[in-house]
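The values are calculated or read from the model by the stated rules, or taken from the named source; none is laboratory data. Owing to the predicted nature of the structure, the values given are computational and were not obtained by experimental measurement. Counting neighbours? That spans all protein chains shown, and the Cβs are built from the backbone with ideal geometry, glycine included. Each accessible area value is taken on the protein alone, full model and side chains, heavy atoms only, with ligands, DNA and RNA left out. Shrake-Rupley method; radii C 1.70, N 1.55, O 1.52, S 1.80 Å.
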Amino acid sequence: MESCTAQPFNGLLLRLEVRQIERVDLFLEKYSNLRHGVQTLLKAEKEAHEIVSAARQYRTQRLKEAKLDAAKDIKEYKQKKEKELKEHEAQFSGSNDDLEKAAESEVQTELVEIDKSAEAKKEDVVKLLLDAITHPKPELHVNAKA
């Protein structure tokens with residue numbers, strides 16, 4: 001009798017083992033799919049990181065180029081303005097020299113005329129002074145008349 005009861009029990013065990021094996025196979029299949037999905041995600045994350053890194057390098061390079069171009073433009077503009085300033089100074093400093101020479105010659109001319117006028121009127125002034133000293137006219141001062 002033991003063999004009769006053992007057989008259904010063995011069949012049950014066999015079915016349980018098959019089910020467990022099927023469950024293990026199903027679990028392994030799901031785990032494999034999950035693992036494949038994780039690997040796919042890791043690969044996608046790595047690719048995204050590479051794209052972002054390349055974009056950052058490109059942006060950094062473009063910023064450096066922009067700074068160099070701006071520095072070049074500033075240098076050219078500065079040279080242009082310095083050249084314009086030198087031309088302007090050259091143009092007007094010559095006229096300043098001319099104006100200074102003209103003013104100096106005008107001053108010299110006026111000094112010569114003043115000297116001539118003083119020499120011509122020197123005798124008249126001396127005569128007036130001598131007359132005032134030798135022939136005094138006593139008069140009351142304007143403030144004393146009141």
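For the pair Val38/Lys80, report the inter-label distance in nm, with labels modelled 7 Å from Cα in the Cβ direction.
6.3
So which GluC sites (Glu not before Pro) in the stretch 90-146 pass both tests, a DSSP loop state and at most 12 other Cβ atoms within 10 Å of the Cβ?
Here the GluC sites (Glu not before Pro) that fit, given the DSSP loop and packing criteria, are Glu139.
Among (i) 1.13; (ii) 1.79; (iii) 1.99, only one was calculated for this model; which label is it, if the read-out is Rg/Rh (Cα atoms, Kirkwood Rh)?
Among (i) 1.13; (ii) 1.79; (iii) 1.99, the one derived from this structure is (iii).
List the lysines whose Cα sits under 16 Å from the Cα of Lys72, skipping any in the same chain fewer than 8 residues away.
Within reach: Lys64, Lys80, Lys81.
Calculated from DSSP H runs of 4 or more alone, at -39500 (n - 2.57) each and per residue, what is the 222 nm mean residue ellipticity of the chain, nearest 500?
Taking each H run of at least 4 residues, the total per residue is -35500 deg cm²/dmol.
On the protein heavy atoms, probe 1.4 angstrom, tell me the percent of accessible surface of the stretch 8-144 carried by carbon and sulfur.
Ligands and nucleic acids excluded, carbon and sulfur reach 60 percent.
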